[in-house]
Amino acid sequence: MLTNNRERKSIRAEYGKTLVELGRINPDIVVLDADLSCSTQTAMFGKEFPERFFNMGISEQDMMATAVGLSTVGKIPFASTFSMFAAGRAWDQIRNSICYPKFNVKIVATHGGITVGEDGASHQALEDISIMRSIPNMMVVVPADCAETAEVIKFAAEYKGPMYIRIARTNVPDVFDRATYKFNPTKAVIISEGMDVTLVTNGETLAEAIDCVEILKEQGVSAELIHLPVVKPLDTETLVQSAKKTKKVVTIENHSIIGGVGSAVCETLCEYAPTSVLRIGTNDEFGQSGEQRKLMEFYGLTGEKLAEKVMNFLGKK
Amino acid sequence: MTELNEKEIREIREFAKEIRKNIVEMIYTAKSGHPGGNLSAVEILSTLYLKCMNHFPDWDKNPQFKTRDRLILSKGHASACLYSVLAHCGYFPVEELKTFRQLGSRLQGHPSVKHLKGIEVSTGSLGQGLSIACGVALGLKLDKIDSNVFVYIGDGELQEGSVWEGVMNASHNKLDNLIAFIDKNNLQIDGKTDDIKCMTPLDSKFLSFGWDCIEIDGHNPSEIYDAVQKAKQNNKPTAIIANTVKGKGVSFMENNAGWHGKAPNKDEFALAMEELNK
């Protein structure tokens, strides 16, 4: 399932390529973008299928509502822009026109989290998972690498109902082996088993968490790592089992600690297996400009920084 | 181009009279709703469903279902009017109108596609219907289906900026299968639209955005019908600006913003029904 070849690749390019593949086999796939098609990489689809590609201009609300209309005649719309504008600008359209009637619209939002980088806080969506997760009927998925992104996009084309898929701007290391990894929308993925602490993450922080597990191992801590690509609906069973075993949980996300993976995990654990939880993410604050890697370090999301925080949490430092 | 004959006009007027009574009864029974904006929509929705739209009360059981004309009620608070028209067209029993806005009813306060056949999309939060209609119109064109998409928008609703995103969408994509009715009753909850955020003149706005524009009396079935016939032949999206009277048909509700979202009490109900039964 896992690969040792940690080559960094563009998830966005993978998204674009997968859309083109899907477009070739399914004439109902249509793609919408809001003047960011070169960044989201939906332009690849637009080049091959211009009649099924709609650049809506800088009009995210129009894009989401147009996607609704297209879905009512049996099309499978993928609507893309940056996470900030997809989730933020068009929230009412997503809630009332997509999710309430449960229309088959797929929102693939790129540039999620602080790793947007130099553009700074105005473009760094740190609340999108929170505000998408709270809408009934919405499925929320944060894939970790290229192989998983391809799987998730293919799943989205088959699944009937609204989805919010958040992908990163950054090139991320491969985690999964393309030949053997199969995305399961109902199951969290246990990346490594451990006894002392459970780490829960998804998206681009999965690779960092894998590094963190290695560092912890060197320091004599056995960490169980759970990858949670589907934030909603949540795989409660896997989380509860692990929490009952390790009795300490750390959540890691490129998102605010309010409303995202940390909150989702706490909500379910306090109901089924009350456990001490450390939430790592941005702490009710806006982001800022900077080089991606430096931002990851500043906000404590690199493998090393994560390991320090986990050791502190476990009272070992 | 055909025109409505006298008999057809009479038929629409009789139908509209029933719809008005239903609206007032429904809102009175529910003790809530929006009399003003429902009563201003009566002739337009009646004429559309009786004479202009190719539609199927047996809904998706009809083999021609995919080729139906669509109506998107962007001003979803005119739900009582739409429900009453659908019921009288045979979509569901007229008796069911009594359940409007009650717990468990298919007739939600604002239209919900998951609750009731005949409803195309869910609306209620203003400013979204036009863009949805654009998406439907685009989809029909992709499938080479020659149906029309009607969208019904309030004049106050035009203050939502998202409407104008849809206006640009329609002209950019040359959606000649799209016809927008603007229910210009000149009032919104807090008062006169011109006082609150003036949108006048409307016709030049639509024309400058690349639409065609037709202005009519929104309570005159012939003018409604003729405008739709013209709009269907247009090679552009068409805005039909329908001058209407908010609360039309009930004297004390007419042109009174206070009746936007208020149910009549027992005496007011009796008075309204007396007028509507005349």
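Rule-based calculations on the coordinates, nothing more; no lab input. These figures come from a predicted structure and were not determined experimentally. Cβ placement follows ideal geometry from the backbone for every residue including glycine, while neighbour counts extend to all protein chains displayed.
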- For the range A:8-173, give the magnitude of the charge dipole about the Cα centre (Cβ charges: +1 Lys/Arg, -1 Asp/Glu; no others), in debye to the nearest 20. 300
- Message: List the aspartates and glutamates whose Cα sits under 20 Å from the Cα of residue A:305, skipping any in the same chain fewer than 8 residues away.
- Response: A:196, A:204, A:208, A:211, A:214, A:218, A:224, A:253, A:284, A:285, A:291, A:297
- Per the charge dipole of the range B:219-278 (beta-carbon charges, Lys/Arg positive, Asp/Glu negative, Cα centre), the residue among B:263, B:239, B:224 reaching farthest to the positive end is B:239
- Query: If you take every DSSP beta bridge whose two residues both sit in chain A, what share of them, in percent to the nearest 5, is antiparallel?
  - Reply: 20
- residue B:265/residue B:60 FRET efficiency (R0 35 Å; Cβ-Cβ; nearest 0.05): 0.30
- Query: With +1 on each Lys and Arg Cβ and -1 on each Asp and Glu Cβ, how big is the dipole of chain B about its Cα centre, in debye rounded to the nearest 20?
  - Reply: 660
- Task: Rank B:30, B:40, B:5 by how far each Cα sits towards the positive end of the charge dipole of the range B:1-61 (+1 on Lys, Arg Cβ; -1 on Asp, Glu Cβ) and give me just the farthest.
- Result: B:30
- Calculate the length of the line joining the C-alpha centroid of the range B:170-240 to that of the range B:103-145, in whole Å. 19
- Message: Between A:274, A:77, A:173, where does the largest GNM mean-square fluctuation fall for chain A, given springs only between Cα atoms within less than 10 Å?
- Response: A:274
- Roughly how big is the range A:189-309's charge dipole about its Cα centre, with Cβ charges of +1 (Lys, Arg) and -1 (Asp, Glu), in debye to the nearest 20? 240
- Note on the structure: Taking Cα atoms, the helix A:261-272 axis meets the longest principal axis of chain A at an angle in degrees (rounded to 10) of 60
- Note on the structure: Rounded to one decimal in nm, the spacing of the 7 Å Cα→Cβ label points at residue B:144 and residue B:14 is 4.3
- So how many Å³ per residue does the convex hull of the Cα atoms of the range A:119-245 work out to? 129
- Item | Difference of contour (0.36 nm per residue) and Cα-Cα distance, residue A:154 to residue A:271 | 38.8 nm
- In the protein assembly as shown, taking the dipole from +1 charges on Lys and Arg beta carbons and -1 charges on Asp and Glu beta carbons about the Cα centre, the listed residue (A:72, A:282, A:242) farthest towards the positive end is A:242
- Give the percent of DSSP beta bridges with both residues in the protein assembly as shown that are antiparallel, rounded to the nearest 5. 15
- Return the sequence-ordered ³J(HN,Hα) values of the range A:218-226 in whole Hz as given by the Karplus equation 6.51 cos²θ - 1.76 cosθ + 1.60 applied to θ = phi - 60°, using x for Gly and Pro. 4, 9, x, 10, 9, 9, 8, 10, 10
- Note on the structure: Under Stokes-Einstein, the range A:8-173 at 10 °C and 1.306 mPa s, with its Kirkwood radius over C-alpha pairs, diffuses with a coefficient in µm²/s of 104
- Note on the structure: Residues whose built amide H sits under 5 Å from the amide H of residue A:226, excluding neighbours closer than 5 in sequence, are A:191, A:199, A:200, A:201
- Message: Can you report the principal axis dimensions of the range B:117-172 using only the alpha carbons, biggest first, rounded to whole angstrom?
- Response: 33, 31, 13
- Task: Let me know the Kirkwood hydrodynamic radius for chain A, please, with Cα pairs as the basis and the value in Å to one decimal.
- Result: 19.4
- Item | Debye intensity ratio I(q)/I(0), log10, chain B, q values 0.07, 0.15 Å⁻¹ (C-alpha model) | -0.22, -1.12
- DSSP bridge orientation in the range B:6-276 - percent antiparallel, rounded to nearest 5: 10
- Taking only the alpha carbons of the range A:1-89, what extent do you get along each of the three principal axes, in Å, biggest first? 44, 31, 24
- Message: Taking the Cα centroid of the range B:3-62 and of the range A:32-84, what is the distance between the two, rounded to the nearest whole Å?
- Response: 36
- Inter-label distance, nm, simple model (7 Å from Cα along the C-beta direction), residue A:119/residue B:174: 3.3
- Message: Need one number: nm distance between label points at residue A:245 and residue B:278, each 7 Å from Cα along Cα→Cβ, rounded to one decimal.
- Response: 8.0
- Distribution of pairwise C-alpha distances over the range A:189-309, 10 Å bins, in %: 14, 49, 31, 6, 0
- Note on the structure: For the table A:106/A:182; A:232/B:61; B:117/B:236, the rows whose alpha-carbon distance is greater than 27 Å are A:232/B:61; B:117/B:236
- Pop out the Kirkwood hydrodynamic radius of the protein assembly as shown from its pairwise C-alpha distances, inverse of mean 1/r, in Å to one decimal. 25.8
- Distance between Cα centroids, the range A:269-317 to the range A:228-262: provide it in whole Å. 13
- Within the range A:208-289, trypsin sites (Lys or Arg not before Pro) in DSSP loop having at most 15 other beta-carbon neighbours inside 10 Å: A:247
- Exceeding the 20 Å Cα-Cα cut-off - candidates B:75/B:262; B:17/B:230; B:7/B:51; A:102/B:31; B:31/B:114: B:17/B:230; A:102/B:31; B:31/B:114
